[in-house]
Amino acid sequence: MSRLAIALLLAACAAAAGAPVVDGPEVAPGAVVRWPGEGVERCGMAGGKWDPHDGTCWYAIDLLTPAGMLELGRWRGGRLESRRVRVVDYPYPVQHITLADESQVDLSAADLERVQRENQLIGALWSRRGPARFRLPLAAPLAELPAGGRFGARRFFNGQPRSPHSGADYAAAGGTPVLAAADGVVALAGDFFFSGRSLFLDHGDGLITMYFHLSETAVEQGGEVRRGETIGRVGHSGRATGPHLHFAARWRGARVDPALLLAPERAVELR
Ligand SMILES: [Zn+2]
């Protein structure tokens, strides 16, 4: 038997045993992975399936994904192709924040109840699905976007551990216009205990962008917004140490670094 024939036979055996899984690169929790390819029909991960954008599958890796192997899939010609990526240990630094108002750290029973109520309203957004109404990169939420971030920072408020930072903070003067990152609908607008005056925009395909600590909002819940439209103004409402925009994104429920949606060429690419 020729070498070619043996190679073909081995390939056939591998195919019969299920599509071979090829190991891919390392990714950080909160990263975005793209996998471009001709004729891709569907994309999938952990039981979920969705459509590609312009022939590229995008995978949102939640910030709290434990370290380990993660299998990503896509369908071409009705056949599943898989890649494994290695989610690395949580790589983000610790950040200590001091708040003068202790009641924002040690919550009263009434505040705790309020936060739980708000979390239910907010949590209901992560399962929203609809046709994609955005393109990448998203539009920057400020006309002049400073360097910023601290996405993923493990946070201690007055020495007490709290949830990691699931957005990017951009310092800006109070009153600076805040812009919609893409077309969409205002899925939730309100004044929340931690995030202050906040807007949650639904751009379809499970992508929700968030704008926190606003001094005022210029759009109503249920209203339509256009990419680049002024939706509010920078402030320091809620639990904030000074005026800044906290900009965040959930994509199909996963907390991802929003800076990667503004510069998707920095996403991890599979080949
Ligand atoms: Zn923030």
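The values are calculated or read from the model by the stated rules, or taken from the named source; none is laboratory data. Fair warning: this is a prediction, and the values are worked out from it, not measured in the lab. Counting neighbours? That spans all protein chains shown, and the Cβs are built from the backbone with ideal geometry, glycine included. Note: areas computed on protein heavy atoms with side chains; ligands, DNA, RNA excluded. Shrake-Rupley method; radii C 1.70, N 1.55, O 1.52, S 1.80 Å.
Residue-by-condition table, conditions (1) of a type in the set (D, E, K, R); (2) in contact with a His (Cβ under 6 Å, 6 or more places away or on another chain); (3) closer than 26 Å to Ala259 by Cα:
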{"residue": "Thr56", "(1), (2), (3)": "no, no, yes"}
{"residue": "Thr65", "(1), (2), (3)": "no, no, yes"}
{"residue": "Trp75", "(1), (2), (3)": "no, no, no"}
{"residue": "Tyr90", "(1), (2), (3)": "no, no, yes"}
{"residue": "Leu99", "(1), (2), (3)": "no, no, no"}
{"residue": "Ser127", "(1), (2), (3)": "no, no, yes"}
{"residue": "Arg135", "(1), (2), (3)": "yes, no, yes"}
Pairs with Cβ under 8 Å, 6+ apart, first in region 34-61 and within 23 Å of Asp89 (Cα to Cα) and touching a residue at least 24 places away in the same chain (Cβ under 8 Å), second of a type in the set (Ser, Thr, Tyr) and open to solvent by less than 30 Å² (accessible area, probe 1.4 Å): Arg34/Thr56; Arg34/Tyr59; Trp35/Thr56; Trp35/Tyr59; Met45/Tyr59
- prompt: When you look at Asp111, is it within 14 Å of the ligand (Cβ to nearest atom), acidic (Asp, Glu) and open to solvent by less than 80 Å² (accessible area, probe 1.4 Å), yes or no?
  reply: no
- prompt: Is it the case that Gly190 is under 20 Å from Arg117 (Cβ atoms) and at pLDDT below 95?
  reply: no
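Residues that are within 16 Å of the ligand (Cβ to nearest atom): which strands (runs of 3 or more DSSP E) entirely in region 186-271 hold 3 or more of them?
Because the criterion is at least 3 residues that are within 16 Å of the ligand (Cβ to nearest atom), the strands (runs of 3 or more DSSP E) in region 186-271 that meet it are 196-202, 207-217, 244-251.
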- line: Of the residues in region 34-47, those that are in contact with a Lys or Arg (Cβ under 9 Å, 6 or more places away or on another chain) and either open to solvent by less than 30 Å² (accessible area, probe 1.4 Å) or on the phi > 0 side of the Ramachandran plot (or both) come to Trp35, Gly37, Gly39, Val40, Cys43, Gly44
field: region 136-181, subset small (Gly, Ala, Ser), within 19 Å of Gly30 (Cβ to Cβ) and part of a strand (DSSP E or B), residue farthest from the ligand (Cβ to nearest atom)
entry: Gly149
Filter pass, Ala31 being among the small types (Gly, Ala, Ser) and at pLDDT below 90: no
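Yes/no per residue for (1) under 21 Å from the mean Cα position of the chain (by Cα); (2) farther than 22 Å from His96 by Cβ:
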position	(1), (2)
Leu145	yes, yes
Tyr170	yes, no
Ala181	yes, yes
Phe200	yes, yes
Ala218	no, yes
Val225	yes, yes
Gly235	no, yes
